[in-house]
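The values are calculated or read from the model by the stated rules, or taken from the named source; none is laboratory data. Note that the structure is a prediction, hence the values are computed from the model and not measured. Cβ sites come from the backbone with ideal geometry, for glycine too, and all protein chains shown count toward neighbours. For the accessible areas, the whole protein counts, side chains as well, though only heavy atoms, and no ligand, DNA or RNA atoms are used. Shrake-Rupley method; radii C 1.70, N 1.55, O 1.52, S 1.80 Å.
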Amino acid sequence: MMNLSRNIERVPFRSIEKQLVASYCNSSPQTQTKQEEFRALNIRNVKDPFQTRRRLQKTAVFPPRADQMPVDQDWGSVWPGPRSFHPATVPLPVRQGFTEKGAPPPNKFNNAELMKIPNFLHLTPPVIKRQCEALKKFCTPWPKALDNEDKIQKNFPIEVISSDYCYSSPTIRDPMARIITVKFKLASLKLDDRARDKFLRLVGPRYNEENDTVTIVTDRCPLKKQNYDYAMYLVTALFHESKKVEPWEEMKSEADMEIYCWENNASKKNIEALFGCKSEEIPNAAEYSEAVSHYMNEGENDYTISKYGEAVKKLLKLQGTN
Amino acid sequence: MNTLRLLVPRIISRRASTLSHNNNATSQIEAPVVSDKLIKTLELEVRGNEPAVIKSFCKFAVTAGNHFGLETKSWSLKKPVHERYTVLKSVHIYKKHRVQYETRTYYAFLQYHKLTGSTADTLLEYVERNLPEGVALKATKVEVQEMPEHLH
């Protein structure tokens, strides 16, 4: 009973509520028409969905700077350092790139080919000259007395060769830069025959007979300075070692000699005995000694034998009887 | 020998010379005299993948050398060195079908004759700073020295 009465009470109230809402909506007719035209579903609860987009303001494009450049400008201050190509700054009608047959290559604007390759626009001849003039104060002239190769060779006999490397690598320290080569002529050490022979035996294949040069390459130390010091130490050690005479070296007899030396041999004694005077006083003895040493050193062949025969004939004055 | 040694340019180290200048009244400190090095030849080996860039660089380096008053020459190899390697076109099999990649290295050489150590340092610094991208440089110095005293 109670429930029913409540329902009866509620029904008229609802109808009144509806009427009120309707009358409120009717009070503003403009909004109503708008909603009727297009009702947007406002999911995110944005207050004003009809925002006007801001228009992008385009800056005015100026004509390329190259068009206004005077002819006599200082190019070095326009393009002072290395930089990739810029068409508006370079007042040159450059063209680069591949096109179909018959068409000219593309011009400098919007041309990637020109930007790829490193340019030398910052190193024009007047700029190089100006920079070199500025750098000259750090330079010293080459001594005038050392004008030719012989003088350099005579006064500065040691050559030290080393390399530096400059390329795009993760480190600036190239391991090849440590290698030092020391070169010098063997004659500049002023060794006597015995010491020279010992030096050559110690040096081995580092001596070049053709130009009388000793080359010592050192690369065992990690630094250039250390390798240089080591190379100079080696030269010093070789020099002093070759000058040293060991007790067993004194025992070298005629049989141990590597070349035949006429002065020390029986041949000299024999002709001295034959002529009864010193070998220097005998006519044609020099030629004879040379022929004998050639014969002994070079071995027996037609040439040495005939030379030897002629020398003997001359020495013994048998020329006429032949 | 001695006259020649006098002719060789000398660099007096700046720090030592100022020291001696300040203490001139009290004590005589002799500034160590460091002789400049003598470099008979300075050879640059330039290598890169673009012949035009190398050519321009050589032109620049020769011009710089001439402005420094040096005897300069440059030459280049006529043919580049081709380094090729051949690999399978496919990942795994098909031995008959291959691709070949190659890099071409162009060489150029420059020589400066008869420089002193300070000139060589200045010139090398200038030239190396203006080395373009993608170009490698190897600088070989041939220095001449006197025979040390203990080897006479």
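Specify the residue that is farthest from B:ASN66 (Cα to Cα); the eligible residues are those in region B:119-143 that are of a type in the set (A, V, I, L, M) and more than 7 Å from chain A (Cβ to nearest Cβ). Lay out the reasoning, then the answer.
Looking only at region B:119-143, we keep the residues that are of a type in the set (A, V, I, L, M), and these are B:120, B:123-124, B:127, B:131, B:135-137, B:139, B:142.
If we keep only those that are more than 7 Å from chain A (Cβ to nearest Cβ) as well, we get B:120, B:123-124, B:127, B:135.
Details: B:ALA120: 13, B:LEU123: 11, B:LEU124: 14, B:VAL127: 13, B:VAL135: 22 Å.
Among residues in region B:119-143 that are of a type in the set (A, V, I, L, M) and more than 7 Å from chain A (Cβ to nearest Cβ), the one farthest from B:ASN66 (Cα to Cα) is B:VAL135.
Those residues that are within 21 Å of the chain's Cα centre (by Cα) and part of a loop (DSSP other than H, G, I, E, B), I need them from region A:206-219; list them, please. Quick ask: steps written out before the conclusion?
Just the residues of region A:206-219 that are within 21 Å of the chain's Cα centre (by Cα), to begin with: A:217-219.
The one that is within 21 Å of the chain's Cα centre (by Cα) and part of a loop (DSSP other than H, G, I, E, B): A:ASP219.
If you scan region B:94-118, which residues turn out to be facing chain A (nearest Cβ under 7 Å) and not aliphatic (A, V, I, L, M)?
Going through region B:94-118, the residues facing chain A (nearest Cβ under 7 Å) turn out to be B:114-116, B:118.
Correct list: B:LYS114, B:THR116, B:SER118.
Which pairs turn up if I take residues in region A:186-198 that are closer than 15 Å to B:PRO148 by Cβ and look for partners that are in a loop (DSSP other than H, G, I, E, B) with beta carbon separation below 9 Å, at least 6 apart in sequence or on another chain?
A:SER188/A:PRO157; A:SER188/B:MET147; A:LEU189/A:PRO157; A:LEU189/B:MET147; A:LYS190/B:HIS152
Could you list, in sequence order, the residues of region B:34-49 that are outside any strand (DSSP E or B) and either open to solvent by 20 Å² or more (accessible area, probe 1.4 Å) or more than 9 Å from every other protein chain (Cβ to nearest Cβ) (or both)? Before you say what the answer is, go through the steps one by one.
If we filter region B:34-49 for residues that are outside any strand (DSSP E or B), which is where we start, we get B:36-37, B:49.
Answer for region B:34-49, where residues must be outside any strand (DSSP E or B) and either open to solvent by 20 Å² or more (accessible area, probe 1.4 Å) or more than 9 Å from every other protein chain (Cβ to nearest Cβ) (or both): B:LYS37, B:ASN49.
Does region A:311-322 include one or more residues that are at pLDDT 85 or above and open to solvent by less than 30 Å² (accessible area, probe 1.4 Å)?
The answer is yes, given that some residue of region A:311-322 is at pLDDT 85 or above and open to solvent by less than 30 Å² (accessible area, probe 1.4 Å).
What number of residues within region A:102-118 satisfy the criterion of being open to solvent by 30 Å² or more (accessible area, probe 1.4 Å) and at negative phi? Before the answer, list the steps.
Initial filter on region A:102-118 (open to solvent by 30 Å² or more (accessible area, probe 1.4 Å)): A:102-107, A:109-110, A:112-113, A:115-117.
Filter again for at negative phi, leaving A:103-107, A:109, A:112-113, A:115-117.
Going through region A:102-118 one residue at a time, the tally reaches 11.
Which residues, counting only those in region A:181-190, are in contact with a Ser or Thr (Cβ under 7 Å, 6 or more places away or on another chain) and more than 10 Å from chain B (Cβ to nearest Cβ)?
Once the filter is applied, which keeps residues that are in contact with a Ser or Thr (Cβ under 7 Å, 6 or more places away or on another chain) and more than 10 Å from chain B (Cβ to nearest Cβ), region A:181-190 yields only A:LYS185.
Where in region A:71-178 are the helices (runs of 4 or more DSSP H), entirely inside, with at least 2 residues that are facing another protein chain (nearest Cβ under 10 Å)?
Working: elements: A:75-78, A:112-116, A:125-135, A:149-155.
Filter on region A:71-178 gives A:125-135, A:149-155.
Quick check, is A:ILE259 surrounded by 10 or more Cβ atoms within 10 Å (Cβ to Cβ) and outside any helix (DSSP H, G or I)?
Values: surrounded by 10 or more Cβ atoms within 10 Å (Cβ to Cβ): no; outside any helix (DSSP H, G or I): yes.
Against the criterion (surrounded by 10 or more Cβ atoms within 10 Å (Cβ to Cβ) and outside any helix (DSSP H, G or I)), A:ILE259 does not qualify.
Among the residues of region B:35-56, is there at least one that is free of Cβ contacts under 8 Å to residues at least 60 places away in the same chain and touching a helix residue (DSSP H, G or I) at 6+ places or on another chain (Cβ under 9 Å)?
Yes: region B:35-56 contains one or more residues that are free of Cβ contacts under 8 Å to residues at least 60 places away in the same chain and touching a helix residue (DSSP H, G or I) at 6+ places or on another chain (Cβ under 9 Å).
Look through A:VAL127, A:VAL160 and report the one residue that is over 26 Å from B:GLY48 (Cα atoms), crowded, with 16+ Cβ neighbours inside 10 Å, among the aliphatic types (A, V, I, L, M) and modelled with pLDDT of 90 or more. Steps first, answer last, please.
Working: A:VAL127 fails: over 26 Å from B:GLY48 (Cα atoms).
One residue alone meets the criteria, A:VAL160.
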